[in-house]
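Q: Structure in structure tokens, see below.
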Amino acid sequence: MKVFLITSSLILIAILAVLGYRADDVKLWLGDITLPMRENMQRARNVMVPMRDGVRLATDVYRPLGDERRPVIYIRTTYGGIEFSTVRHFVKHNYAVIVQHVRGRFYSEGRYKSPYWTAKQDGYDTIDWLVEQPWSTDKIGTFGCSYLGESQIILAAANHPNHIAMIASGAGGAAGKVKDTFGYFGVFENGVLNLASSLGWFTAEGAKDFKVTPRPDDYEERMRSYMDYLPVSGIADKIVPYDTGFDDLISHSPTDTWWDDEGYTHPDDEFSVATLHINDWFDQTAHNTFKLADHMAENARHPRAKSQPVLIAPGVHCGAGKLKPGEVTIGEMSFEYAGKDFGQTYIDWFDHWLKDKPTDLPPTFEYYSIHSGVWNTSKQWPPASTSNQRFYFMPDSRLAQEPDLNGNPEQSGGVYDEFTYDPLDPVPTLGGPICCTYRPEDKPGPLDQRPLKSRQDVLVYSSEPLEQDMELVGNANVVLYVSTSAPDTDFTVKMVDQYPDGRAFNLQDGVVRLRYRNGIENPSSVKPGRIYRVELEMRPIAYRFRKGHRLEFHISSSNFPRLARNLNTGKDEYSDSETFVATNRVYFGGDTPSSVALPIKTSE
């Protein structure tokens, strides 16, 4: 039957092409009329759903055959569509699936101004429309990753009574000001711009007032050529000839009320939606996923919104569910992966909330521990089975569990390592949550850091070889005592696993901008030469350091182009082009014991 169908379709396409019909239009038409036979589903394309202001949003409706009322999985996208396998999966399990182009994109009417400025109201109005359809029940779920996940979190704050459950993956960028993250769109870390991701996304996808972003033919080459251009505020204009939201990002301070009008989650928001939060350890928003889940449970308006489980896989952005059991490689690091049926997890979650089936709910926290080979569960984060073990940064590149300075009482204070940080010669990004640069060397995930260890502006601290396995589960918390010769500077920290053969794979990294040492809401000037205490909570991870490996930390002042450079002038970091070469110091021992506290698993 399938062979006959395919052969007949090809013949019909050829005939209609001869008659002057566009081949793409013919394929779409044929796809729709044969869909019931091929997939046992029906589809209505570009159904125009009215919003409260009269704008209509183009919406594709997929349903199992027949007129039975079914729960709806609602997906909003700015990218023109989703993988058909997602539609097939939910329709197969007796759900209607709705895929909608956001306002101003593709076939939807209205103006596109910024990613989420009408996400809340448009999503609310669409759910109003959905519950009135004869094929819909009154229970709506939402689904998607990245933009498709963040828009769900924002919609959830609208508290539509029929928005019952959602699965939001890679959605930490919705956090806004929640729990002092100021992590708008996932492109700010402790007040520092994630340059690569923000510039790449907004120039490639963020054109204002266009249905489809009209990238120049040489777009990728322009990205590679102008990434290091100064000022940062001028880069987007060098790369694309249209207005994007990139300049909006960098022209508003993290505490500006402008962000509230853009739709990002606010500390006062309340929620009524049960949410399964999914992310990956090497996603730049993993940290904010935990904070969002905590915030939404604390601010639950409806009892079901107390259910905010977190599920973390060991991959990169939107990688959850894509790894197959066996040996996998993330970045350049290989490990054994125990598979998990994410597809069934999705169905169980929605069946519980949208069909009232007695399926088991996920654990409060479920995560994969890299190099342990198993999935783990916990009722709290970090797990109760962990306890903090502190390691001290010491002279001679040592990482020790005792803060003594070789037993020399004369070295009880004022001991430091120093390096020169030149913003025009920054430490290049090597792995980590890097995205969107179109440079072949910018691969995400764990990469071998040896090429960077010989730089004068990278301080390396290593433990002795471990005598037994050590499993870290949670967030490393770094305390540094530092000084600079500049009016402002950054300190970056990278956690690394050094293998016995010398390979050194990055696990997590972070940054502190010295002006924000008292919090993003309290920027403070820096006095050159004064010693400051700064703290950095790194992104979480579950990772087993194996016997014979060394725990290693790299400290510097740049990680470019993943993070925008601090120009060291104390002026506006995005509109200024002037740079200052800084001498930066990290202090040890005595009254300045720079250290890191690691949540180490101590029991099963």
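Q: So, R565, is that one part of a strand (DSSP E or B), out of contact with any His (no Cβ under 8 Å at 6 or more places or on another chain), in the same structural domain as I541 (by the TED database) and at pLDDT 95 or above or not?
A: no
Q: Something else now. Quick one: in the stretch 214-228, of everything that is assigned to a loop (DSSP other than H, G, I, E, B) and farther than 15 Å from L195 by Cα, which residue is least open to solvent (accessible area, probe 1.4 Å)?
A: Initially, the stretch 214-228 is screened for residues assigned to a loop (DSSP other than H, G, I, E, B), giving 214-218, 227-228.
Checking which are farther than 15 Å from L195 by Cα leaves us with 214-218.
Values: P214: 54, R215: 101, P216: 25, D217: 167, D218: 70 Å².
Looking at the filtered set, the residue picked out is P216.
Q: Out of the stretch 537-553, which residues are open to solvent by 10 Å² or more (accessible area, probe 1.4 Å), outside any loop (DSSP other than H, G, I, E, B) and of a type outside the set (D, E)?
A: The answer is R544, R550.
Q: Still on this structure, I have one more. In this structure, is T602 more than 22 Å from the chain's Cα centre (by Cα), more than 29 Å from R224 (Cα to Cα) and open to solvent by 20 Å² or more (accessible area, probe 1.4 Å)?
A: Criteria met by T602.
Q: Could you count how many residues in the stretch 184-193 are within 11 Å of the chain's Cα centre (by Cα) and part of a loop (DSSP other than H, G, I, E, B)?
A: Summing the residues that are within 11 Å of the chain's Cα centre (by Cα) and part of a loop (DSSP other than H, G, I, E, B) in the stretch 184-193 gives 1.
Q: Let me ask something additional. In the list S378, S372, which residue meets the criterion of being under 27 Å from the mean Cα position of the chain (by Cα) and under 30 Å from G502 (Cβ atoms)?
A: S372
Q: Within the stretch 254-268, take every residue that is of a type in the set (S, T, N, Q) and touching a residue at least 40 places away in the same chain (Cβ under 8 Å) and give me the one that is surrounded by the fewest Cβ atoms within 10 Å (Cβ to Cβ).
A: Ranking the qualifying residues of the stretch 254-268, first place goes to T255.
Q: Can you tell me which of T359, T364 is more than 30 Å from E189 (Cβ to Cβ) and either in contact (Cβ under 8 Å) with a residue 24 or more places away in the chain or open to solvent by less than 40 Å² (accessible area, probe 1.4 Å) (or both)?
A: Of T359, T364, the one residue that is more than 30 Å from E189 (Cβ to Cβ) and either in contact (Cβ under 8 Å) with a residue 24 or more places away in the chain or open to solvent by less than 40 Å² (accessible area, probe 1.4 Å) (or both) is T359.
Q: A further question follows. Restricting attention to the stretch 77-125, and to residues there that are under 18 Å from D209 (Cβ atoms) and of a type in the set (S, T, Y), which single residue is surrounded by the most Cβ atoms within 10 Å (Cβ to Cβ)?
A: Among those residues, the one meeting the criterion is Y116.
The values are calculated or read from the model by the stated rules, or taken from the named source; none is laboratory data. Quick caveat: nothing in here was measured; it's all calculated off a predicted structure. We place every Cβ from the backbone using ideal geometry, glycine too, and count neighbours over all the protein chains shown. The accessibility values were calculated without ligands, DNA or RNA, using every heavy atom of the protein model including side chains. Shrake-Rupley method; radii C 1.70, N 1.55, O 1.52, S 1.80 Å.
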